[in-house]
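The values are calculated or read from the model by the stated rules, or taken from the named source; none is laboratory data. Since the structure is predicted, the reported quantities are computational estimates derived from the model, not experimental observations. Counting neighbours? That spans all protein chains shown, and the Cβs are built from the backbone with ideal geometry, glycine included. Heavy atoms of the whole protein, side chains included, go into the accessibility calculation; ligands, DNA and RNA do not. Shrake-Rupley method; radii C 1.70, N 1.55, O 1.52, S 1.80 Å.
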Amino acid sequence: MLPIYISILLISISVLAFEIALMRMLSITQWYHFAYMVISIALLGFGASGTFITILQRRLIKHFNAVFLICAFLFAFSIIISFRVCQKIKFDPFFIVWERRQLLYLFEFYLNLSIPFFFASICIGLTFLRFKEHINKVYFYNMVGSGVGAMGVVFLMYCIELQQIFFFVSICALIGMAIPWLTSLWATRTNKFVHATLSVLFIIFSGGYFFLFSRDTVLNISQYKSLCSTLNFPDAKIQAKESSPLGVIHVVSSPAIRFAPGLSLNYTGTIPEQLGIFVDGDSASAITNFTHDKKRLDYLDWTTSALPYCFVEKPSVLVMGTGGGGDVLLAYYHDARQIDGVELNPDVIKLVKDVYGEFSNGIYSMPNINIHIMEARGYIESTRKNYDLIQLSLLDSLSTSSAGVYALSESYLYTVEALETFMKHLNKGGVLAITRWIKLPPRDNVKMFATAVEALERIGFDQPFKHLIFIRSWATATLVIKSTPFDTGDILKMKSFCSSRLFDVIYYPGVTEQEVNLYNILDKPSYYDYAKEILSSKRKDFYRSYIFNIMPATDDRPYFFHFFKWKSLPLLLRTMGREWIPFVEWGYIILIATLIQAIIISTALILLPLMFLPRLEKGNPPQAERFSIFTYFTCLGLAFMFIEIALMQKFVFFLAHPIYATSVVISTFLLFAGLGAYASKLEIFAGQGRFKFVITAIIVLLLFYIISLDTVFKGIGFISPWVKIIITIVMLAPVSFFMGMPFPIGLTKVSQSASSGPNFIPWAWGINGCASVLSPIIGLILAIHLGFDAVLIIGAGLYVTAGLVSLKL
């Protein structure tokens, strides 16, 4: 038994590592939401394997060792194949509304990525069926392996490039295949040494083949990403490359690189030499060589981001998202006495400070400049410092922002609570400045203005309109929020700043319609009109009637970039046609399309065959029991992922680092769920009464999280990151432990049932796999519309339902 357990452990490690590596690959080559879509569909290979095992279970069990060996090898081999094939498929998402063949390429993606998961799942599902008396132990090794895989692949991303990770994952799967094989040979063959030697040589040969097959594969990055377009510049060349879980960074040189977003059309000077920095092929910034001459940075003063320096002199400045250092240089140009910068990716800091320290003129090494490697919201929640100016400028690229690819990404920087926190860290007379890209039709700048108004009202300002100034250029808009009301002098400075640079005023206290839309002329003064609506008593009516969703985001629903409204779809189709989809709100449409496709494929490949097949067997369970099995394992699959997703987001906010938080939360969930599965056969958890205790414990713990997590996080936000990690593990361990029990308990009940018996184990496995695939998509939709607390409540309700249904199993 032990060799099979170890094999399941290694295969589970490979499955999770392969999944996360694929998501990173598709985030780099396409965008985040396509990674989400394709991985979700590919995981249906798990559910489809349940159908396969159910139909052929007698033959498969009869030849268990051979089937396990073959499927494990095919899993290892298909990891490399699917990775290479992904780079060859000519899928272009932006042509999908014009070229029907793109649907075929998309189907190729689905089929290609589902194959490795299909073979891996056969190994795991068949083991459940073969060793039905040890279901809890099999599930334990499966969950522990998954947890180790989630942590291990993140560590590998710091050490090697993404392409090489697929090689290591395939080798791990190959070793998982080899262990029971070698054990069997050693136990049954007479010439053990010869067979063992040949087996080892086979593994070495296979590993070498996998390595050669994977090492020369180049990631095929979308032509619409900024990196690809920049490489078309004259004499463009990639100077450096860094890779980590936070992104693949390219440094590009070209005489044509000039990065100054929203630069005034009235500027007549010269921009210094720059190097472009691109994260995951996009999110551009620049390292600037100003040759230690501060005057050469004057171009920065001709962008909308320079507006807040009209209201503060020699300020203490906090820059959120320093990147290549543009906003830091702007503060330096304006003689800021102290500059703190926050940057999540340490590789960016290393490139600017060390690798290109001479080129950047040592900007990050200056005595009055401190750079903190941390998530921006986490920093402001944990620091006790106040500032004269807090600046957030263009933390996403124009192309991704315009295409709506961040619609599925949570952001804790643009919520009402975030702006409240920023304002509380301002000195008297200090300002918060937020710069965003101009997008038409207007949406995120309108939403940002609405968020600022509601944040000011929550803080207690009776007249929030006195604290706001809003301007725009041809490409960017800057909103400035002041801790004290703007006075006449401030407004005169703003007017002078805008007129000299040909920037348009959107709003200031006392603005008139005659003062707006003068230089970068729109068909009508939309931004001004919308600002007035938001400041009026009819704000809620405006939110409801506007074509996009501009309700302010909150920490419970931190989807600032979600603008799509279903009721506006007919109008968008009528006025813009279907061609609007790739360029307006692509992300949310992809999510809904994913859900529809997943439901259709799940029904076709999993549910329908498994629902009808039992009628062909002797000794079938009655219809009511089949329905109970279906309901029970569907509820478990949905509930587990709902709760994991919601708690992951809450702890990402607490730990202030998305990669570490995701690794810690997923690993804690899986490892302790595995321990719970292992303990599920202990005497203390035997009997229906004990099972009720397990469900009750889950519900009580979830209610505790819903009621008290936010309060706990705010109370201990100042402690060190390592202590936070320990607290996270301690807080998540109990609920993870209990959540690991219902699946093996239910599967054991099914195997021991007089009417259903072990024949229905793969059916239950397939149903649970299907629900696990659907749950991330459904959970994300629920989080966008209802919030994470609602997702936790729904997850708790599903466990209650599973507990009630278990009485009938």
**Request:** Compute, for residue 86, the solvent-accessible surface of its heavy atoms (probe 1.4 Å) with the complete set of protein chains present, and express it in square angstrom to the nearest 10.
**Result:** 10 Å²
**Request:** Could you state how much accessible area residue 566 has, in square angstrom rounded to the nearest 10, with a 1.4 Å probe and all protein chains kept in place?
**Result:** 120 Å²
**Message:** Using a Cα-Cα cut-off of under 14 Å, which aspartates and glutamates could be cross-linked to residue 714, ignoring same-chain neighbours fewer than 8 residues away?
**Reply:** 381, 417, 420, 555
**Violating pairs (Cα-Cα greater than 29 angstrom) within the set 88/225; 295/524; 692/724; 482/540; 295/424** = 295/524; 692/724; 295/424
**Message:** For residue 439, give me every one of the aspartates and glutamates with a C-alpha distance below 17 angstrom, ignoring sequence neighbours fewer than eight places off in its own chain.
**Reply:** 396, 504, 523, 529, 579, 585
**Request:** Determine the shape class of the range 337-478: with a ≥ b ≥ c the square roots of the Cα gyration tensor eigenvalues, call it rounded for a/c under 1.5, and otherwise prolate if a/b is greater than b/c, oblate otherwise.
**Result:** oblate
**Asked** Ordered by residue, what ³J(HN,Hα) values in Hz, to whole numbers, does the range 151-162 give under the Karplus form 6.51 cos²θ - 1.76 cosθ + 1.60, where θ = phi - 60° and Gly and Pro are x?
**Response** 6, x, 5, 5, 4, 4, 5, 7, 9, 9, 6, 4
**Message:** Students often forget the sequence filter, so: which aspartates and glutamates lie under 18 Å Cα-Cα from residue 294 once same-chain residues fewer than 8 apart are removed?
**Reply:** 273, 313, 327, 335, 358
**Prompt:** For residue 569 and residue 512, FRET efficiency with R0 = 30 Å and r from the beta-carbon atoms, rounded to 0.05?
**Reply:** 0.25
**Asked** HN-Hα J couplings of the range 494-510 from phi, Karplus 6.51/-1.76/1.60, θ = phi - 60°, integer Hz, Gly and Pro as x?
**Response** 4, 5, 5, 4, 6, 5, 6, 10, 6, 9, 9, 6, 9, 7, 8, x, x
**Fill in**
Residues whose modelled amide H sits under 5 Å from the amide H of residue 426, counting only those 5 or more places away in sequence or on another chain, are 387
**Asked** Given the Cα-Cα distance of residue 108 and residue 239 and 0.36 nm per residue of separation, how much length would full extension add, in nm?
**Response** 43.7 nm
**Complete:** For residue 273, other-chain or 5+-apart residues with amide H closer than 5 Å (H placed, Pro excluded) are 289
**Request:** Place the peptides 67-78, 723-734 in order of packing, highest mean first, counting for every residue the other Cβ atoms within 10 Å and averaging per peptide.
**Result:** 67-78, 723-734
**Message:** Shape verdict for the range 401-529, please, from the Cα gyration tensor: rounded (a/c under 1.5), prolate (a/b greater than b/c) or oblate.
**Reply:** oblate
**Fill in**
Note: probe point = Cα of residue 218 + 7 Å toward Cβ; backbone nitrogen < 19 Å; residues of the range 269-290 passing the test are 278-282
**Residues whose placed amide H lies under 5 Å from that of residue 341, excluding near-sequence neighbours** = 319, 370, 371, 372
**Rounded D (µm²/s) - the range 727-805, Kirkwood Rh over Cα pairs, Stokes-Einstein at 25 °C, 0.890 mPa s** = 169 µm²/s
**Prompt:** Roughly how many nanometres apart are two label points built 7 Å out from the Cα toward the Cβ at residue 66 and residue 475?
**Reply:** 6.5 nm
**Asked** Just by accessible area at a 1.4 angstrom probe, what is the order of 347, 444, 462 from largest to smallest?
**Response** 462, 347, 444
**Prompt:** Which trypsin sites (Lys or Arg not before Pro) from the range 282-363 combine a DSSP loop assignment with at most 13 other Cβ atoms within 10 Å?
**Reply:** 337
**Message:** I'd like the Karplus ³J(HN,Hα) series for the range 62-74: coefficients 6.51, -1.76, 1.60, θ = phi - 60°, whole numbers in Hz, and an x wherever there's a Gly or Pro.
**Reply:** 4, 10, 4, 4, 5, 5, 4, 4, 5, 5, 5, 5, 5
**Prompt:** How far apart, in nm, are two points set 7 Å out from the Cα along the Cα-to-Cβ line at residue 229 and at residue 752?
**Reply:** 6.4 nm
**Asked** With each pseudo-label sitting 7 Å past Cα toward Cβ, what's the residue 462-residue 495 distance in nm, one decimal?
**Response** 2.8 nm
